[in-house]
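A short write-up of the structure that comes next.
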Amino acid sequence: MVSTILFSAFAVLAVAGAAGLVLLRHPMNGAMSFIMTLIALAGLFALLSAKLIFAIQLIVYAGAIMSLILFIIMFLNIGEKDLPDESNRWFYFGGGAVVIAPLAIFLLKVVNKLPSCEATIVGDSFGSVKGVGMVLFTEWLLPFEIVSILLLVALVGAVVLAGKREGKL
Amino acid sequence: MIANYLSLSVILFCFGLLGVISRRNVFTVFMSIELMLNAANLAFVALSRLHENMDGHVLALMVMAVAAAEAALALAVVILLHKHKGNLDTNVFSLLRG
Amino acid sequence: MEHTVSYLVLIPLLPLLGALLMGLMYLVSCKGKAFPEKIYGIIACIGPALTFILALKVYFGLKGLPEDSRYLVQDVFTWIKVGDLDISMGFFADPLSSLMLLFVTLIGTLIHVYSVGYMAKDENFGKFFAYLNLFLGSMLILVLGSSPVVMFVGWEGVGLCSYLLISYYSTETNNVIAGNKAFIVNRIGDLGFVLGMSLLFWAIGSGGFDYMSLRANAEQIGPGVGLAICLLLFVGATGKSAQIPLYVWLPDAMAGPTPVSALIHAATMVTAGVYMVARFSFIYAEVPAAGTVVAWIGILTALLAAIFGCFQRDIKKILAYSTVSQLGYMFAGVGVAAYSAGIFHVFTHAFFKALLFLGAGSVIYALHHEQDIWRMGGLKNKMPITYWTMLIGCLALAGCPPFSGFFSKDEILFMALASGHGGVWLVGVLVAAMTAFYTFRMFFVVFHGKPRDEHAYEHAHESPKVMTVPLIVLAVGACFAGYLNIPSIFGGHLGVSHWLAPSLTEHHPHVSVWLEVLAVATSIAAFGCGIFFAWKKFYVATAEEPFYTGLANFAYNKFMVDELYHYLLVVPYKLLGTAISKSIEPFVTDGPVKVVVWLYGALANAFKVVQVGYVRVYAIYMVIGLSVLSIFISRSLNL
């Protein structure tokens, strides 16, 4: 019962945040509402007994990545004049909704055909640091290492790109 | 019950898609992509819970790592583009025009 | 019945390897410094010499076998296997091919040696010998092929080499045109050959397509189909062996170097048609009508070429027309079902005609590439070896009794008479007289009389040993080759005919001795007449070229056959081509293509509209696609 109420609350927050991200004109406002979505998602992860993911969602996503984005937005010092002219965005929203609707309906139909289970909290090691770590470092060791290389490459790439002198693009 | 989580995931994903195709601000587009990744993460974790198997969690971790890498690169590109064009409008970047 | 051996494949392979090696050497060195001629000369002569030794081995191998099982075979690999058609790349030696093998390799070797001298200091020395070896290899495939298809490989190979060597001096347009002419005319003949071969396969190919199976099944061919096969194959033979109506290429082929004329256009390749008819004697024997056609075309070719030969002034063209004429004799021989006589004439002709060409080459070489007999004269004293060997060659060609040409030609004429082809015999005797006439016309004008070109005469000299030794060897052959097949009237026992008997399907008619005496007597009389007229007219010191008028002028111009072909066939063909390229091609052929091109252009312009260049719009397209896909899937899954 409690979990149902919590789920509803988080779901509403997440959808509201997502809608805010898409609809608000200024990226700063959008980013703030997106953070709301991320935090609501962290709550949902917790409801799903994914303790480690819950923590990482808060720390890495809502913490690190979003602060990076906000930092860049503020670094570029975006004012009203920098924003693109989006006076016809309502037309695009309408058209986009029409186009996406069949896909959304299809996906919703599919997920509702799946078998269900009670979303009770599963105790002990499920989703804990130790449990996920065991799986990660035994069965998923190679992908994990590859991801580390990916991060290194992204790091080097970002330095090279952003460090470029002007006029060399 | 899991179906609710998955439905939420689908809704968030579609919001992200809508943001990508109907907005012109690079930051919003970028964050919409992040939203889609998060929707996918939610689906992973929910299905992981359904099967009581932690592979989904690992995948969610991977997605976050990829999202972090993507964020680093994408923001570098955004800075570069802003330097050159002085603008955040995706319509300015139309080099693909036939 | 047949014996499998492992050395047959080496016979064509050795010259082909030599050709490959020398070709590569030439290609490697053609930009920089060329390899010394000595290396090329040694490589070029080793292959043919070894094949001659192998040919002897084949001969003695066959001789050691009982008469009815003289077949050596070697299957190298399965070449084509489609349905009924099962053709192996196989080689096959029987008495017929062993005889061909012996003289092809012997004369080939001699001509290679001779060429080392003749072609000295030529800038494309290596290329010449690569071609020459390639030719020899192809010729040996032709001779040894175990089925018509393998034979055809050699058949085309020798045609190619002929083309390459005719236009060997490719800086002159006329030589290239002559090469093209030879190639194109041969194509017409080859079409006949291919059609004949296909028809043969259609008729009896299901029982195996090698000669032995074909021979075993030959009786199943119906008379109509048999006639068609024989005539189509003969069309192929007229192309390769220069018979009416396709003989026009051979005189022009003299544009090539003289050793090539000797080897390819006199001794070996042009006899391939005769060999082929003899090889298919089992079919020709079933269809006498086809034989009659072959005999008449052959003897008429002989007559026509002899007429032309009497009026030519280029020494090589005279010899070329005499070759056409002698080939006509050979076809007359195989046409009257005297296959062994025809093949025997091939054999002796190879010796004396190679000799004559090499002798002519020696004269041309001595006179610095002068080929007009009316600018020669009195060379008897300057070039004694060439003089005497040429005399032997001329006597053999003219059919003087003790020499080889007499026996083989006489055998053909006698067989024509004996088998009831009186007309063929009569024309043949006439041609024999003309042969003696034009041969000695050339001989007297070149070697006797007083020099007509003092400057060239002063510088004339005997050729080097590398050229005269082959001449002497061939002269010995031209003298004595006839003794291999002495008819019974002279106390002989027709050795070659008996040797060839297992390969051929022929019947020796029994006729009275008096008929044979008549044939011999008329032949000798014809020879006597011919040489007498030549002596009377040209054995005078001051003999000058007569001025031709009327019919003689017409003959001097070769009856305008080339011009006739040009205006009757080439010009209309070209006009047709022009008409097609001007009227049909732009609209019928190119039209649809251009419309399609324009259509694609229009389509591309139409679709260019969607290529707006904004990534966002492309994402919209993708989402539209996804939506359509999801609608489709939901409907098909009934969700």
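The values are calculated or read from the model by the stated rules, or taken from the named source; none is laboratory data. Everything numeric in this text was worked out from a predicted model, so none of it was measured. Positions of Cβ are generated from backbone atoms using ideal geometry, with glycine treated the same way; all protein chains shown enter the neighbour counts.
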Discussion item. Looking for something in a helix (DSSP H, G or I), in contact with a Leu (Cβ under 9 Å, 6 or more places away or on another chain) and aliphatic (A, V, I, L, M) - is there at least one such residue anywhere in the stretch A:77-89?
Written reply: no
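So in the stretch C:539-586, with the set limited to residues that are in contact with a His (Cβ under 9 Å, 6 or more places away or on another chain) and among the small types (G, A, S), which one is nearest to C:P251 (Cα to Cα)? It would help to see each step written out before you state the result.
Of all residues in the stretch C:539-586, those in contact with a His (Cβ under 9 Å, 6 or more places away or on another chain) come to C:539-541, C:543.
Of the ones still in play, those that are also among the small types (G, A, S) are C:541, C:543.
Values: C:A541: 29, C:A543: 25 Å.
Checking each candidate, the answer is C:A543.
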Item to complete: Starting from the stretch C:1-28, keep only residues that are over 15 Å from C:L50 (Cβ atoms), then list their pairs with residues that are of a type in the set (S, T, N, Q) and not in a helix (DSSP H, G or I) whose Cβ atoms are within a distance under 7 Å, requiring at least 6 positions of separation or different chains.
Response: C:T4/C:Q74; C:V5/C:Q74; C:S6/C:Q74
Practice prompt. Looking at (1) at pLDDT below 90; (2) over 30 Å from B:C14 (Cα atoms); (3) among the aliphatic types (A, V, I, L, M), find the lone condition where A:V111 falls short.
Written response: (2)
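Of C:F490, C:F547, C:F532, which residue is at pLDDT 85 or above and more than 32 Å from the chain's Cα centre (by Cα)?
Values: C:F490 fails: at pLDDT 85 or above; C:F547 fails: at pLDDT 85 or above.
When all the criteria are applied, what remains is C:F532.
Looking at this structure, is B:L80 farther than 20 Å from C:I620 by Cβ, surrounded by fewer than 23 Cβ atoms within 10 Å (Cβ to Cβ), touching a residue at least 24 places away in the same chain (Cβ under 8 Å) and away from chain C (no Cβ under 14 Å)?
Working: farther than 20 Å from C:I620 by Cβ: yes; surrounded by fewer than 23 Cβ atoms within 10 Å (Cβ to Cβ): yes; touching a residue at least 24 places away in the same chain (Cβ under 8 Å): no; away from chain C (no Cβ under 14 Å): yes.
Judged against the criteria, B:L80 is not a match.
Would you confirm whether or not the stretch A:44-67 contains a residue that is β-branched (V, I, T), touching a Gly at 6+ places or on another chain (Cβ under 9 Å) and crowded, with 20+ Cβ neighbours inside 10 Å?
Step one: of the stretch A:44-67, the residues β-branched (V, I, T) are A:53, A:56, A:59-60, A:65.
In the following step, the residues that additionally are touching a Gly at 6+ places or on another chain (Cβ under 9 Å) were identified as A:53.
From the residues that got through so far, the ones that are crowded, with 20+ Cβ neighbours inside 10 Å too are A:53.
Yes, the stretch A:44-67 contains at least one residue that is β-branched (V, I, T), touching a Gly at 6+ places or on another chain (Cβ under 9 Å) and crowded, with 20+ Cβ neighbours inside 10 Å.
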Fill in: Single condition A:A31 does not satisfy, out of (1) closer than 28 Å to B:K83 by Cβ; (2) more than 7 Å from every other protein chain (Cβ to nearest Cβ); (3) not acidic (D, E)
(2)
Fill in: the stretch A:74-108, residues that are at pLDDT below 90 and among the small types (G, A, S)
A:G79, A:S87
Worksheet item: List, please: which pairs have Cβ atoms under 7 Å, are six or more places apart or on different chains, and start with a residue in the stretch C:118-136 that is on the phi < 0 side of the Ramachandran plot and end with one that is among the charged types (D, E, K, R) and assigned to a loop (DSSP other than H, G, I, E, B)?
Response: C:F128/C:D122
Discussion item. Can you confirm whether C:M119 is in the same structural domain as C:V270 (by TED's automatic domain parsing) and either of a type in the set (D, E) or over 21 Å from C:M22 (Cβ atoms) (or both)?
Written reply: no
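Only one of B:M62, B:M31 is at the interface with chain A (Cβ under 8 Å from one of its Cβ atoms), more than 25 Å from C:I624 (Cα to Cα), of a type in the set (A, V, I, L, M, F, W, C) and assigned to a helix (DSSP H, G or I); which?
On the way: B:M31 fails: more than 25 Å from C:I624 (Cα to Cα).
Being at the interface with chain A (Cβ under 8 Å from one of its Cβ atoms), more than 25 Å from C:I624 (Cα to Cα), of a type in the set (A, V, I, L, M, F, W, C) and assigned to a helix (DSSP H, G or I) holds for just one of B:M62, B:M31, which is B:M62.
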Response to the item:
The residue from C:F444, C:F347, C:F437 that alone is touching a Leu at 6+ places or on another chain (Cβ under 9 Å) and either of a type in the set (F, W, Y) or not assigned by TED's automatic domain parsing to the domain that holds C:L231 (or both) is C:F347
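Any idea how many residues of the stretch C:381-423 are more than 20 Å from C:V293 (Cα to Cα) and out of contact with any helix residue (DSSP H, G or I) (no Cβ under 9 Å at 6 or more places or on another chain)?
Start the filter on the stretch C:381-423 by keeping residues that are more than 20 Å from C:V293 (Cα to Cα), which leaves C:381-408, C:410.
Going one step further and asking which of them are out of contact with any helix residue (DSSP H, G or I) (no Cβ under 9 Å at 6 or more places or on another chain), we end up with C:384.
Result for the stretch C:381-423: 1.
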Discussion item. C:S98 - would you say it is outside any helix (DSSP H, G or I), of a type in the set (S, T, N, Q) and in the same structural domain as C:P36 (by TED's automatic domain parsing)?
Written reply: no
Worksheet item: Does the stretch B:27-38 include one or more residues that are more than 11 Å from the chain's Cα centre (by Cα) and either modelled with pLDDT of 90 or more or not hydroxyl-bearing (S, T, Y) (or both)?
Response: yes
Worksheet item: Under 8 Å by Cβ, and 6 or more places apart or on different chains, what pairs join a residue from the stretch A:132-160 that is surrounded by fewer than 15 Cβ atoms within 10 Å (Cβ to Cβ) with one that is of a type in the set (F, W, Y) and part of a helix (DSSP H, G or I)?
Response: A:F137/A:F144
